[in-house]
Amino acid sequence: MADPRRRSADVVSLVAGLVCCGIAFSWLLVSAGKIGLRDLGWLMPTIFIGAGLFGVLLSIRRSRRLRRPERRL
């Protein structure tokens, strides 16, 4: 039986949080003058693709864990 104190991560919330952090980080870079507004043309899609891939990997990992039969002692 699974440990009731352990909670699984909500993948959608985690990906949404990553996207928000990525947007805030890109705003910080533009405000600091490290990148220009034109650079957001490649930075924003990179943030969305990276967060999406992270979510897919977490979903695959979770589905494999759920399919695994439970061992009984």
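The values are calculated or read from the model by the stated rules, or taken from the named source; none is laboratory data. Quick caveat: nothing in here was measured; it's all calculated off a predicted structure. Glycine also receives a Cβ, built like all others from the backbone with ideal geometry; neighbour counts cover every protein chain displayed. Ligands, DNA and RNA are stripped out before the accessible areas are found, and what is left, the full protein with its side chains, is counted by its heavy atoms. Shrake-Rupley method; radii C 1.70, N 1.55, O 1.52, S 1.80 Å.
Restricting attention to segment 30-57 and to residues that are open to solvent by less than 70 Å² (accessible area, probe 1.4 Å) and free of Cβ contacts under 8 Å to residues at least 12 places away in the same chain, the residue that is farthest from VAL12 (Cα to Cα) turns out to be GLY33.
Between a residue in segment 1-22 that is more than 17 Å from VAL56 (Cα to Cα) and at pLDDT below 85 and any residue that is among the aliphatic types (A, V, I, L, M) and open to solvent by 70 Å² or more (accessible area, probe 1.4 Å), which pairs come within a Cβ distance under 6 Å, given they are 6 or more apart or on different chains? Once the first residue is more than 17 Å from VAL56 (Cα to Cα) and at pLDDT below 85 and sits in segment 1-22, no partner that is among the aliphatic types (A, V, I, L, M) and open to solvent by 70 Å² or more (accessible area, probe 1.4 Å) comes close enough.
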